[in-house]
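Remarks on the structure that follows.
The values are calculated or read from the model by the stated rules, or taken from the named source; none is laboratory data. These numbers were taken from a predicted model, which means no experiment stands behind them. Side chains included, ligands, DNA and RNA excluded: accessible areas come from the protein's heavy atoms. Shrake-Rupley method; radii C 1.70, N 1.55, O 1.52, S 1.80 Å.
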Amino acid sequence: MNKGIIFNIQRFSLHDGPGIRTTIFFKGCPLSCPWCQNPEGMRPEKDLFRHSARCIACRFCVEHCPEKAVELTENGPVINRDLCSLCLICAENCPVEAFEKAGREITVGELVNEIIKDRIIFEESGGGATFSGGEPLMQSGFLISVLKALKNEGIHTAIETSGYASWESFRDTLPYTDLYLFDLKIVDPGKCKEFLGVNIEPILENLNKLAKNNADILVRIPVIPSVNDDLRNLNLVVKTLNSAGIDSLELIPYHKLGSAKYSNLDLNYSMHNIEPPGPDQLDRITKLLEASGIIIHSEVEREND
Ligand code: SF4
Ligand code: SF4
């Protein structure tokens, strides 16, 4: 597939694999994690942010919206999302960028050219390109074409994945992927269904199959108090790693920095009452996992690798 849809290219990333990396965020995700920091990556199509405080009340959007989906209030524009067809006329014409589009189409060649601009940084830092999202494997044809081209250029490649994709799409990335950043969010089957909206089995099967194929895997656990930090889930994490023959993981404390994006997309953010884990909570989890023989990597340690 020659074209994909992405919503960001982030250069100088330090937390998405070894060295300094260029991270490309793909649109579309099959999960619905309520703590997601990139809600603009959830839907496969383009999206529309609303920054009402910037509005200068010129009324362009109200008068030109073909669906009559915008109403101007004393607090700025309000979008009727049921009517909005995402034509993006408002985002392309608002003089103060009170609307902002999220997502753009890009060809394989255009994306590869963007990435190889950073070749010197990759060579000097031991870095490369990381594909994130959303779930990059939702656009597996496009992803594989980009990975192949980067391998021809000798660039290190990593995929950050939730693990929820068909095995065939994982399998086809194997020859061109140097590292899988495997985000194992929740292993407890009931909680996985409750919070992510999917069954855990395909995720665990993909992890096992990647390991059997000798893929380089870094398992990462987002630590979310009262969601996945309980003893039952942590014991299941240990069991999962043992059965895949993986002896280490990285803990990533959950944070709320992306919460404002939810209101800008008119989405509900349900995590207001859950605070990020403190040092004591992280220490407790680290000790518990280490007592089971798991090696815990920290992001700082990896930055210094
Ligand atoms: S086009 Fe922009 S500045 Fe003009 S009314 Fe709409 S949101 Fe406000
Ligand atoms: S994206 Fe198009 S349909 Fe939606 S609010 Fe803007 S102008 Fe109207």
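Given q = 0.24 Å⁻¹, what are the Debye log10 I(q)/I(0) values for segment 1-113, with equal point scatterers placed on the Cα positions and solvent ignored?
Log-scaled intensity ratios, in q order: -1.29.
In the chain, what % of DSSP beta bridges are antiparallel (nearest 5)?
40
Which pairs in the list Lys27/Lys239; Lys151/Lys193; Lys117/Lys212; Lys151/Lys209 are over 28 Å apart, alpha-carbon to alpha-carbon?
Lys27/Lys239; Lys151/Lys193; Lys117/Lys212
Taking Cα atoms, how many degrees apart are the long axis of helix 279-291 and the longest axis of the chain, rounded to 10 and kept between 0 and 90?
40
Roughly how many Å² of Asp230 are accessible to a 1.4 Å probe, to the nearest 10?
Using a 1.4 Å probe on the heavy atoms, I get roughly 40 Å².
Give the accessible area for Phe49 in Å² (nearest 10); use a 1.4 Å probe, count only protein heavy atoms, and leave out ligands, DNA and RNA.
20
Using a 1.4 Å probe, how large is the accessible area of Met138, given in Å² and rounded to the nearest 10?
90
Can you work out ³J(HN,Hα) from phi for every residue in segment 245-250, in order, using Karplus 6.51 cos²θ - 1.76 cosθ + 1.60 and θ = phi - 60°, giving whole Hz and x for Gly and Pro?
Taking θ as phi minus 60°, the curve returns x, 10, 10, 8, 7, 10 Hz for segment 245-250.
Roughly how many Å is it from the Cα centre of segment 161-182 to that of segment 1-74, as a whole number?
24
So what's segment 47-102 giving for Cα Rg divided by 2.2 N^0.38 Å, two decimals?
Compared with the compact-globule rule of thumb, segment 47-102 sits at 0.95.
Using only Cα atoms, tell me the angle between helix 140-152 and the longest principal axis of the chain; keep it within 0 to 90° and round to the nearest 10.
For 140-152 against the chain, the angle is about 70 degrees.
Rule-of-thumb check for the chain: C-alpha Rg over 2.2 N^0.38 Å?
Its radius of gyration relative to the 2.2 N^0.38 Å reference: 1.06.
Pairs of Cα atoms under 8 Å, at least six residues apart: use those to get the relative contact order of segment 19-120, whole percent.
28
Taking all protein chains as present, what is the carbon and sulfur share of the accessible area of segment 221-305, in % to the nearest whole number, probe 1.4 Å?
Percent of accessible area from carbon and sulfur atoms in segment 221-305: 54.
Ranked by accessible surface with a 1.4 Å probe, highest first, in what order do Arg21, Arg43 come?
Arg43, Arg21
From the protein chains alone at 1.4 Å, what is the descending order of accessible area for Arg104, Arg50, largest first?
Result of the area sort, largest leading: Arg104, Arg50.
Remind me, relative contact order of the chain in percent, using alpha carbon pairs under 8 angstrom and six or more residues apart?
After rounding, I find 20 percent.
As I understand it, the value is the acute angle between the Cα axis of helix 201-212 and the longest principal axis of the Cα atoms of the chain; what does it come to in degrees, rounded to 10?
Here the helix axis deviates by roughly 50 degrees.
Can you give me the accessible area per residue for the chain, using a 1.4 Å probe, in Å²?
Using a 1.4 Å probe on heavy atoms only, each residue of the chain averages 47 Å².
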